[in-house]
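A quick write-up on the structure given underneath.
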Amino acid sequence: MNATPAVPDAPKVHAKIDLPPKNPIVLPHSRPIIVTIDGPAGTGKSSVARTLAKRLGLDFLDTGAMYRAAAAIVIDHQIDPNDADAIVAQVHSADLHFDWKTDPPTIMAWDRPIAARIRDADVTAIVSPIAGIAELRRLMVGEQRLIAHEHPRLVTEGRDQGTVVFPDAAVKFYLDASPEVRAARRADQLRAAGRSADLADLLREIIARDQSDSTRSDGPLRAPPDAIRIDTSSMTFDRVVDTLEREVRARATT
């Protein structure tokens, strides 16, 4: 179980489309900037955020990896998922952080990389209720703000980045897609990793995850009122990143 490779987050990239040449110039190095990308599971937030950060010369924060790491800790240390105090204490002792020398940054627990563990099916099955624990979210929000203090030029993705963690972010995005499209993307990811995928099961899981994420009391999934909303259902990966890059550059240079 521990050796299972992580499932890549990148959505399937279809035929490349003709687009204007990409601007190779990064944003001014002297200017701190936080860009948030929120949205439900399966919209490609992580891969979009990572690629956008590279284009803009910014750091990339995958907050979902932090909550998945917490879920893995709960399972591997046989902690009662309903024991919030024990969960928070163990996650705090793990000193979750990222190794910023790797690309993408690697999530670490007790100074050991655990990226290969956090995409396992048992972790995915409990990550939403674990992420809904109020005390754990407060711990994570504090850690994420500390990361932003140390890496003030940041593209960060999650479900509450623009609403709770960084409400004053310079640019906010909310990515969405139909549940059917997101289930198909997840199936493609699993198959590309050599794993089986049942589309109907994935669709049910995504709908259930949406319900859980959007109705929890702490850090629920919702679009920031000032976010740029983008439906990626019919967009290629490159088109999504190009759209976000254009919007960030327009706002960062005005």
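A few notes on this one:
- Filter result for the condition that a residue is surrounded by 21 or more Cβ atoms within 10 Å (Cβ to Cβ) and assigned to a helix (DSSP H, G or I), over 246, 251, 182: 182
- Contacts under 6 angstrom Cβ, first residue in region 202-227 being under 20 Å from residue 136 (Cα atoms), partner among the charged types (D, E, K, R) and surrounded by 19 or more Cβ atoms within 10 Å (Cβ to Cβ), 6 or more apart: 213/159; 218/137; 219/137; 219/160; 221/159; 221/213
- Test for residue 236: is it over 24 Å from residue 82 (Cα atoms) and either of a type in the set (Val, Ile, Thr) or in contact with a Leu (Cβ under 9 Å, 6 or more places away or on another chain) (or both): yes
- Inter-residue pairs, beta-carbon under 7 Å, first under 11 Å from residue 224 (Cα atoms) and in region 159-185, second modelled with pLDDT of 95 or more and of a type in the set (Lys, Arg), 6+ apart: 162/172; 174/229
- Among helices (runs of 4 or more DSSP H) entirely within region 74-154, having at least 3 residues that are surrounded by fewer than 17 Cβ atoms within 10 Å (Cβ to Cβ), modelled with pLDDT of 95 or more and out of contact with any helix residue (DSSP H, G or I) (no Cβ under 8 Å at 6 or more places or on another chain) singles out 84-94, 134-150.
- Residue in region 47-55 that is part of a helix (DSSP H, G or I), of a type in the set (Ser, Thr, Tyr), at pLDDT below 95 and touching an Asp or Glu at 6+ places or on another chain (Cβ under 6 Å) present: yes
- Residue in region 204-227 that is farthest from residue 144 (Cα to Cα), counting only those that are crowded, with 18+ Cβ neighbours inside 10 Å and not acidic (Asp, Glu): 206
- Test: residue in region 125-137 that is within 18 Å of the chain's Cα centre (by Cα), free of Cβ contacts under 8 Å to residues at least 24 places away in the same chain and farther than 27 Å from residue 226 by Cα: yes
- Cβ pairs under 8 Å, 6+ apart, first in region 97-119 and of a type in the set (S, T, N, Q), second in a loop (DSSP other than H, G, I, E, B): 106/115
Each row is one residue, and each column tells you yes or no for (1) more than 20 Å from residue 214 (Cα to Cα); (2) among the β-branched types (Val, Ile, Thr); (3) within 18 Å of the chain's Cα centre (by Cα).
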| site | (1), (2), (3) |
| --- | --- |
| 150 | yes, no, no |
| 159 | no, no, yes |
| 176 | no, no, yes |
| 182 | no, no, yes |
| 185 | yes, no, yes |
| 189 | yes, no, yes |
| 197 | yes, no, no |
| 202 | no, no, no |
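- The set of residues in region 189-237 that are within 16 Å of residue 129 (Cβ to Cβ), out of contact with any strand residue (DSSP E or B) (no Cβ under 9 Å at 6 or more places or on another chain) and of a type in the set (Gly, Ala, Ser) comprises 208, 212, 214, 217.
- The single condition among (1) at pLDDT 95 or above; (2) surrounded by fewer than 22 Cβ atoms within 10 Å (Cβ to Cβ); (3) of a type outside the set (Ser, Thr, Tyr); (4) within 20 Å of residue 151 (Cβ to Cβ) that residue 58 does not satisfy is (2).
- Here 189, 211 are screened, and the one residue that is out of contact with any helix residue (DSSP H, G or I) (no Cβ under 8 Å at 6 or more places or on another chain), part of a helix (DSSP H, G or I) and modelled with pLDDT under 90 is 189.
The values are calculated or read from the model by the stated rules, or taken from the named source; none is laboratory data. Model, not experiment: these values are computed from the prediction. With ideal geometry, Cβ positions are generated from the backbone for all residues, glycine too; neighbour counts draw on all protein chains shown.
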